[in-house]
């Protein structure tokens, strides 16, 4: 019995150590994700969920960093006009080429919804915009569904981020990585 306890303790300690080292790496990585501010792409893809994501996407569209803006995961009751009025009250009409995706409820569905829109609109390059802590998981989902896509990360850093949120996102990223690896093995 003591032998099994020792083996279990060694396994648990090893896994905990790997988790902590990975978490430290995750934190370093998310703080250093570059944002290609001057690059032009065919489209900007914004994943809803954070308070500044949509405005950052609209700013990039206004700066002519892309011709199209796709916002994934928008509530069905929200219109383009409403989103634009929250961004700039002085605009009489929304800028051209903003499309709202109303299907996605999670990051995998964001990637699926965006992929379908990209295929229909023959988009060759896109800027993926989300918060820095969310980018690793979003990137995994998007690249797994669109490996040939010329995709550029555009991570924004929120003013405040709780440690709990970072831990949750790290764990979600680990589960996403595991799910994608297992899917490859099954093929």
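In region 103-176, the C-alpha radius of gyration followed by the widest Cα-Cα span (Dmax) gives 12.9, 39 angstrom. Fewest neighbouring Cβ atoms within 10 Å first, the residues 146, 135 line up as 146, 135. Note on region 21-94 and region 116-139: Cα centroid distance 10 Å, given to the nearest whole angstrom. If you wrap the tightest convex hull around every Cα atom of region 86-128 and split its volume per residue, you get 114 Å³. Model label sites at residue 21 and residue 76, defined 7 Å from Cα along the beta-carbon direction, differ in position by 4.8 nm.
Structural size metrics of region 32-186, computed from C-alpha coordinates, are Rg and Dmax of 15.3, 53 Å. DSSP bridge analysis restricted to the chain gives an antiparallel fraction near 0%, rounded to the nearest 5. The helix-only estimate of mean residue ellipticity at 222 nm for the chain, built from DSSP H runs of length n ≥ 4 each weighted as -39500 (n - 2.57), is -17500 deg cm²/dmol after division by the residue total. Using the Cβ-Cβ distance between residue 161 and residue 121 with R0 set to 25 Å, the FRET efficiency from 1/(1 + (r/R0)^6) comes to roughly 0.15. As a proxy for reagent exposure, ranking 170, 4 by other Cβ atoms within 10 Å from fewest up yields 4, 170.
Temperature 20 °C, viscosity 1.002 mPa s: under these conditions the Stokes-Einstein estimate for region 123-163, based on its Kirkwood radius over C-alpha pairs, is 196 µm² per second.
Bear in mind these aren't lab numbers, they're just calculated from the coordinates by the rules spelled out. Here the structure is a predicted model, which is why all the values come from computation and not from measurement. With ideal geometry, Cβ positions are generated from the backbone for all residues, glycine too; neighbour counts draw on all protein chains shown.
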